[in-house]
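See below for the structure under consideration.
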Amino acid sequence: MKILLVVKNFDFGGAENHVCELANELVENGEQVWLFSGSGRQIKRLSPKVVYLPAKISDWNMVPLLFRLLLLIRKEQIELLHAHQRLPIWLATLAGLFTGTRVAGTVHGTASHDIRSGFVKKYLDGIIVISRNSYDIHSRNPKLSNKLYFLPNFFKIPVSPESKKNLSPAFNLFYVSRQDQRHANLLTDIILNVWPRFLMKHPGSTFHLVGDGCGSEKIGRILGNHHAPPWVDSIVCEGYVDEVSSSLSNAHLVMGVGRVVGESLSIGIPALSIKWNHLGPIVTRDNFEELSYSNFVSLEASPPVPDRLLAILDEFMDHSAYYREEAIALSATVAKKFDIRNGIFQTLDVYHQLINSSKGSTSHHPHSALTEPPLS
């Protein structure tokens with residue numbers, strides 16, 4: 001099969017990591033893959049079997065990008081376009097309309113943003129969502145339900161899980177995310193209003209910030225202005241990390257959502273569900289199904305506030321052995337559910353369904369492309 005992946009950015013972020021690993025897994029399974037995307041540090045993780053085509057995808061140059069895509073599709077006889085992020089989905093949908101090529105778009109954020117245009121809703125052949133919550137919501141929309149698929153947020157599971165690794169006695173807290181302005185605001189609140197109070201109770205602890213983005217400069221200024229006790233040497237800016245799971249193996253607790261939580265649990269590291277607008281619980285076997293339903297975002301939870309976050313961290317410190325055991329117990333389930341080496345076959349099944357359907361057809365039966373494993 002000849003597949004063209006399209007993504008705007010190819011640096012740090014859930015969508016970028018997913019596209020890189022998806023491309024690599026597709027070529028390892030014998031498919032021919034082209035990647036049309038902006039430049040970024042994910043490129044060095046990309047398999048040499050993937051044909052990489054650099055493209056600055058933005059509103060101002062959509063016309064020349066469209067012509068490049070049309071020429072590529074016709075020259076290489078591309079059978080399927082799979083786009084990620086809003087502009088690439090719009091661009092791929094238009095290219096698919098001109099060439100009669102099937103187009104799938106994966107929603108990594110919210111459908112109201114990624115497929116917000118009426119044009120995309122009408123002509124996009126397949127809409128892939130990465131959480132059951134999104135699938136259930138959009139399956140009630142008659143304009144979307146006939147083209148909707150659920151494929152979990154698959155990722156590369158480490159070959160040798162680190163769950164039995166001996167951790168250092170000093171507590172290591174990790175926050176992993178793209179550092180956009182919203183996450184930078186949350187990190188600012190944690191650094192100024194949570195971390196000093198936590199250090200008073202638990203001296204010697206370290207707070208690791210993994211990821212970067214447009215908000216990194218703000219975080220750097222704050223740390224520069226507070227390079228004195230109790231912050232000195234207790235906050236470590238890891239920045240961009242090629243293999244996040246290898247860095248997480250040094251953590252006692254990881255904060256984040258989505259694949260960050262999945263990667264942490266897959267190697268037996270406890271994870272706390274936190275986003276700029278939702279502060280959820282630490283993941284355990286009791287709440288795993290509820291949280292994984294929404295890609296590990298605690299949708300009913302209120303936004304993070306310092307006192308509540310500090311209380312959760314104190315609770316973890318008091319019962320760290322319990323949470324460690326819960327994470328280790330969940331590692332096999334997470335690996336089975338999210339391993340991209342298994343998920344690639346579900347992805348290819350969706351691809352084949354789209355290719356074998358008539359362009360613009362509404363006759364296929366939408367379905368969830370996953371059989372959920374039971375909790376072990």
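The values are calculated or read from the model by the stated rules, or taken from the named source; none is laboratory data. Treat the numbers as computed from the prediction; the structure is a model and nothing was measured. All Cβ positions, even for glycine, are placed from backbone atoms using ideal geometry, and neighbour counts span all protein chains on display. The accessibility values were calculated without ligands, DNA or RNA, using every heavy atom of the protein model including side chains. Shrake-Rupley method; radii C 1.70, N 1.55, O 1.52, S 1.80 Å.
The table that follows gives values for the structure above.
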read-out: Filter pass, residue 53 being assigned to a helix (DSSP H, G or I) and either more than 17 Å from residue 347 (Cβ to Cβ) or not hydrophobic (A, V, I, L, M, F, W, C) (or both); value: no
read-out: Filtered residues of segment 236-272 (kept if within 17 Å of residue 219 (Cβ to Cβ) and buried (at least 24 other Cβ atoms within 10 Å of the Cβ)); value: 255, 256
read-out: Segments classed as helices (runs of 4 or more DSSP H), wholly inside segment 84-151, with at least 1 members that are over 18 Å from the mean Cα position of the chain (by Cα), touching a residue at least 12 places away in the same chain (Cβ under 8 Å) and surrounded by 24 or more Cβ atoms within 10 Å (Cβ to Cβ); value: 86-99
read-out: Conditions (1) within 18 Å of residue 14 (Cβ to Cβ); (2) more than 26 Å from the chain's Cα centre (by Cα); number of the one not met by residue 76; value: (1)
read-out: Those residues of segment 194-229 which are within 27 Å of the chain's Cα centre (by Cα) and in contact (Cβ under 8 Å) with a residue 40 or more places away in the chain, in sequence order; value: 194, 195, 208, 211, 212, 213, 219
read-out: Any hit, segment 203-211, residues being assigned to a loop (DSSP other than H, G, I, E, B), open to solvent by 10 Å² or more (accessible area, probe 1.4 Å), in contact with a His (Cβ under 9 Å, 6 or more places away or on another chain) and small (Gly, Ala, Ser); value: no
read-out: Some residue of segment 275-295 being part of a loop (DSSP other than H, G, I, E, B), touching a residue at least 60 places away in the same chain (Cβ under 8 Å), on the phi > 0 side of the Ramachandran plot and of a type in the set (S, T, N, Q); value: yes
read-out: Verdict on residue 191 being in contact (Cβ under 8 Å) with a residue 60 or more places away in the chain and open to solvent by less than 40 Å² (accessible area, probe 1.4 Å); value: no
